[in-house]
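Peer 1: One structure follows; several queries about it will come next.
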Amino acid sequence: MLKGIHHAAIICSDYAKSKHFYTQILGLEILAENYREARDSYKLDLALPNGNQVELFSFAGVPARPSYPEACGLRHLAFAVESIDSVIEHLLKHGVEVEPVRVDEYTGKKFTFFSDPDQLPLEIYQI
């Protein structure tokens, strides 16, 4: 029935700042960018190399995330990486704070967390 995850949708508070973060720092490719005048909102479709997508939305007056990271609902987004160390180095060069690396007790794989400009928890997981 379900074939996979097509996209994850993120609502941001500062469109320009988040667009820069997801495209220039994380390197996601812009597929489409549309301004929706009726909603005074942008919708930015971004692609990961494996075909998965992130939709970035801007809306005026959005509420802040209730807690970090344990709010009910989506906990975090996890991105697969080949080298966690090189991605951490890249993030740090761009001023992104990164938590200490942990090891998944079930798989033995390395992972860590960082946040987007709106403090949405993001994970990198070494495959």
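The values are calculated or read from the model by the stated rules, or taken from the named source; none is laboratory data. As the structure is a computational prediction, the values presented were derived from the model and not from experiment. Please note: Cβ atoms are built from the backbone with ideal geometry, for glycine as well, and neighbour counts cover all protein chains shown.
Peer 1: In this structure, does E55 turn out to be under 15 Å from I11 (Cβ atoms), surrounded by 11 or more Cβ atoms within 10 Å (Cβ to Cβ) and in the same structural domain as K17 (by TED's automatic domain parsing)?
Peer 2: Against the criterion (under 15 Å from I11 (Cβ atoms), surrounded by 11 or more Cβ atoms within 10 Å (Cβ to Cβ) and in the same structural domain as K17 (by TED's automatic domain parsing)), E55 qualifies.
Peer 1: Could you please let me know if I84 is buried (at least 16 other Cβ atoms within 10 Å of the Cβ), more than 15 Å from the chain's Cα centre (by Cα) and at pLDDT 95 or above?
Peer 2: yes
Peer 1: Name every residue in the range 5-63 that is of a type outside the set (D, E), in contact (Cβ under 8 Å) with a residue 24 or more places away in the chain and more than 30 Å from I127 (Cα to Cα), in order of residue number.
Peer 2: S13, Y15, Y42, S58, F59, V62
Peer 1: Which members of the range 58-81 meet the condition of being within 13 Å of F111 (Cβ to Cβ) and either exposed (fewer than 12 other Cβ atoms within 10 Å of the Cβ) or of a type in the set (V, I, T) (or both)?
Peer 2: V81 - this is the single residue of the range 58-81 that is within 13 Å of F111 (Cβ to Cβ) and either exposed (fewer than 12 other Cβ atoms within 10 Å of the Cβ) or of a type in the set (V, I, T) (or both).
Peer 1: Working only within the range 74-127, note down all residues that are of a type in the set (K, R) and in contact with a Ser or Thr (Cβ under 9 Å, 6 or more places away or on another chain).
Peer 2: R102
Peer 1: Please go through the range 27-45 and give me each residue that is assigned to a helix (DSSP H, G or I) and surrounded by 12 or more Cβ atoms within 10 Å (Cβ to Cβ), ordered by number.
Peer 2: Of everything in the range 27-45, just one residue is assigned to a helix (DSSP H, G or I) and surrounded by 12 or more Cβ atoms within 10 Å (Cβ to Cβ), namely R39.
Peer 1: Here's another thing I want to ask about it. Which number in (1) part of a helix (DSSP H, G or I); (2) surrounded by 14 or more Cβ atoms within 10 Å (Cβ to Cβ) marks the one condition that Q24 misses?
Peer 2: Answer for Q24: the failing condition is (2).
Peer 1: Considering only residues that are under 17 Å from the mean Cα position of the chain (by Cα), without any contact (Cβ under 8 Å) to a residue 40 or more places away in the chain and exposed (fewer than 13 other Cβ atoms within 10 Å of the Cβ), which ones fall in the range 90-104?
Peer 2: The answer is L92, G95, E97.
Peer 1: Just to check your reading of the model, which residue among A32, A38, A47, A16 is modelled with pLDDT under 95 and not assigned by TED's automatic domain parsing to the domain that holds G95?
Peer 2: A38
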